[in-house]
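These notes concern the structure reproduced below.
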Amino acid sequence: MSEVKDIPVFLFTGFLESGKTKFIQETLEDKRFNSGERTLLIVCEEGEEEYEPDQFAAPNVFIQVVEDQKELNRANLRKWLGDNRCERVVIEYNGMWMLDELYQALPEFWMVYQEFFFADARTIESYNANMRNLVYDKLKSAELVVFNRYNDSIDQMTLHKLVRGASRRSDIAYEYADGTVRYDEIEDPLPFDINAPVIEIGDDDYAIWYRDVSEEPKKYEDKLVRFKCRYLKRKKVPEGSFIVGRHVMACCADDIQFAGLICKWENSDSIVGDSWHILTARMNYKFSRAYGRKGPVLTFVSDEECQPPENPVASFY
């Protein structure tokens, strides 16, 4: 029985006229990328710029135009791949469609190898002001963010913060009209001292801290942290433990979720209702039945009751 191979997917996101088509065209003209593999190019929106297949480095690209998001289902994706006997997939995704729906539609063994987000540096702030949920949706998992049509009159820090509000891991590039590319070199120090005897998390920094803990929990191993949070007791939490955390807004009011952590405390049964405290706890990365896997687990050291912060819902801004 032959081994099933992963199908690499190269995903390009961004809004209409953001430069996706131009970049993909140039990529497929490059022999270093297009060296003979049979490639399925799925085009989910058509702008003014059109593909020129006769300019591709090899005649092995099969274009499938998708006009309705419902067409992006596992059966169709498998059929398009199989009909053309393709070895990999390039997707130019519609910026008005949510990414989670695409990820849920990808067949088994289709693996997103790289995800890029393209934006017009002159208009992305307007998109962000009016459609923040769609912008955040594309930024949160992009490995590289390219701001094209950039010029030095545009505030680079504003664009930098826009990306960092969704992800601290994305690389950022600024492309000028003449094709010159400059990469973002702005440092992003955490707004708290991770090497302090006790890491003090400010009221406005909970969301940033929680994301950092989620992305790199091991660097908090055996460290003391202090932060303002809600105490919650839930039936599904293991005995001798409770939940601490705050609601976090990632992009908009519809996106608010409780960002909580497990805290071990022998007196957790004394917790009644929902209350605010300043908690000091020691953090470790270990298995917890509440997570069903390894994750950040706090161990209670001390606390004091307090009033809710001025903004009970934490955010990245």
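Some observations on this one:
- For residue 223, residues with placed amide H under 5 Å, excluding near neighbours: 283
- Put simply, the convex hull of the Cα atoms in segment 198-315 casts, on average, a shadow of 7.1 nm².
- In order through segment 272-286: 3J(HN,Hα) via Karplus (6.51 cos²θ - 1.76 cosθ + 1.60), integer Hz, x for Gly, Pro: 10, x, 10, 9, 9, 9, 9, 9, 10, 8, 9, 10, 9, 9, 8
- Between helix 20-29 and the chain there is an angle of about 60 degrees, using the helix long axis and the longest principal axis of the Cα atoms.
- Pairs of C-alpha atoms in segment 7-183 farther apart than 20 Å represent 52 percent of all such pairs.
- Separation between Cα centres of segment 80-103 and segment 147-171, rounded to whole Å: 26 Å
- Less than 5 angstrom separates the built amide H of residue 110 from those of 7, all sequence-distant by 5 or more or on a different chain.
- Angle between the chain longest axis and helix 74-83 axis [Cα atoms, degrees, rounded to 10]: 30 degrees
- Euclidean distance between Cα centres, segment 49-73 to segment 248-317, Å: 47 Å
- Amide proton proximity set for residue 72, modelled H, under 5 Å, gap of 5+: none
- Counting 0.36 nm for each residue step from residue 129 to residue 275 and taking away their Cα separation leaves a gain of 49.1 nm.
- With distances taken between every two different alpha-carbon atoms, the chain has a Kirkwood hydrodynamic radius of 22.3 Å.
Read-outs throughout are calculated quantities, based only on the coordinates presented, and are distinct from any laboratory measurement. The shown structure was predicted, so the numbers you read here are calculated from the model rather than taken from an experiment.
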